[in-house]
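Asks: Below is the structure I would like to discuss, written out as structure tokens.
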């Protein structure tokens, strides 16, 4: 089974997904504002040192086959967001994808473009059977990505997690390999 | 008993705690019961589970040792069910996943074939719900079961859980991909249904 490694990259028409470098920390930090982190369980980081540490941890996790913490870069090398893809063990048939993108790059459909390419890689090269997304019901943009990428709404788990002191539900969207091939 | 409006305090279950129902005692098993428990596990009881009937009871001993360690650390409280009349173990029913942040829990269970159809499991699940929502301050309970396991779904519905979603191709059971159905009950729903 193919696995994604530290120096692998996934190309789309306008973007490249690859593992972040330590030197990206400042650029990534500049991308995260209150709107970007609004639906996430982490706050805006105070300085780019936190990001640098996260990137280092991310690279370690890729080495340990835990996650493929890819950054999204435009073709000119500008970093615009982040994509998480779990590494696949022999018994893993389904993966959950997470992502975020800097506000100034919203509405340009970079995420659906990357998601489509990740679907291709996951279903054709990594032998994944199902990809799913967990979406905050208030996160309209994320729902739009799910729908645009042909994911089906599967249901809502009530009181799924506590984010910034509030209990929130989670909507689940998924696509199976069978549906993808259709 | 804690009212809905009082300050949340997450009461926990520990190694020597006991839950009681009309017909059963629920408590953490001991290693000395491993062989008896191993004999209860048949092909039918494990039909919808990711684990097979274990080859020898040494794996049941290992499982009970882990269960006791996890109960001591509040990682899980995966207890055994005992028939009050015979004082013998008849199955398992426990909290497998605890999220202290929400706080929420997930229940898992199985019962030996001799006790099928006696509605023992809803009785046990209700004991857990009483503990979680009345004695403790859990916000949410989840039961997940193989989508083809109709009996397990009936237990969830009988205890006031509602269907939430189905995770397609969730796990492999004997090499075959199976869907998993998720059922949930919130604190508000529990008190409304009382």
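None of the figures in this text is laboratory data; all of them are computed from the coordinates on show. Model, not experiment: these values are computed from the prediction. Cβ coordinates were reconstructed from backbone atoms using ideal geometry, including for glycine residues, and neighbour counts include every protein chain displayed.
Asks: When a/c reaches 1.5 or more, the comparison of a/b and b/c decides; with that in mind, is the stretch A:65-182 rounded, prolate or oblate per its Cα gyration tensor?
Replies: Values: a/c = 1.44, a/b = 1.04, b/c = 1.38.
Cα axes put the stretch A:65-182 in the rounded bin.
Asks: Also, quick follow-up: Simple spin-label model, 7 Å along Cα-to-Cβ: residue A:103 to residue A:75 in nm?
Replies: 2.9
Asks: Also: Okay, which of the stretch A:1-22 sit inside 13 Å, backbone N to the point 7 Å along the Cα-Cβ direction of residue A:120?
Replies: A:10-17
Asks: Provide a whole-number value for the mean count of partner chain Cβ atoms within 10 Å of the Cβ atoms in peptide A:150-158. Each step should come with its number before you reach the end.
Replies: Numbers: counts 0, 0, 1, 1, 7, 8, 4, 7, 11.
Other-chain Cβ atoms within 10 Å of each residue's Cβ, averaged: 4.
Asks: Still on this structure, please answer the following. Using per-residue counts of other Cβ atoms within 10 Å, averaged over each peptide, order A:158-164, B:14-20 from highest down. Write out the running numbers ahead of the final one.
Replies: Details: A:158-164: 18.1, B:14-20: 13.0.
Ranking, from highest mean packing down: A:158-164, B:14-20.
Asks: Per residue of B:166-175, count partner chain C-beta atoms within 10 Å of its C-beta, then hand back the mean as an integer. Mind dumping the intermediate values first?
Replies: Values: counts 4, 7, 14, 11, 6, 4, 4, 0, 0, 0.
What the average comes to for B:166-175 is 5.
Asks: Based on the mean of other Cβ atoms within 10 Å per residue, sort peptides A:96-108, B:73-85 so the most packed one is first. Show your work: numbers first, answer last.
Replies: Numbers: A:96-108: 16.2, B:73-85: 18.5.
Highest to lowest by the protection proxy: B:73-85, A:96-108.
Asks: Okay, next question. Please give, to one decimal in nm, the separation of the simple spin-label points placed at residue B:172 and residue B:14, each 7 Å out from Cα toward the Cβ.
Replies: That separation, rounded to one decimal, is 4.2 nm.
Asks: Points 7 angstrom from Cα along the Cβ direction at residue B:75 and residue B:51: gap in nanometres?
Replies: It is 1.3 nm.
Asks: Roughly how many Å is it from the Cα centre of the stretch A:1-72 to that of the stretch B:35-108, as a whole number?
Replies: So the two Cα centres are separated by 39 Å.
Asks: Sketch the reach of a paramagnetic label on residue B:88 as a point 7 Å from Cα along Cα-to-Cβ, and name the residues of the stretch B:9-34 whose backbone nitrogen lies under 11 Å away.
Replies: None, by backbone N distance to the label point.
Asks: Got the relative contact order for chain A handy, in percent, Cα pairs under 8 Å and 6 or more residues apart? Could you put the intermediate results ahead of the total?
Replies: On the way: 309 pairs, mean separation 35.2, N = 182.
Relative contact order comes out at 19 percent.
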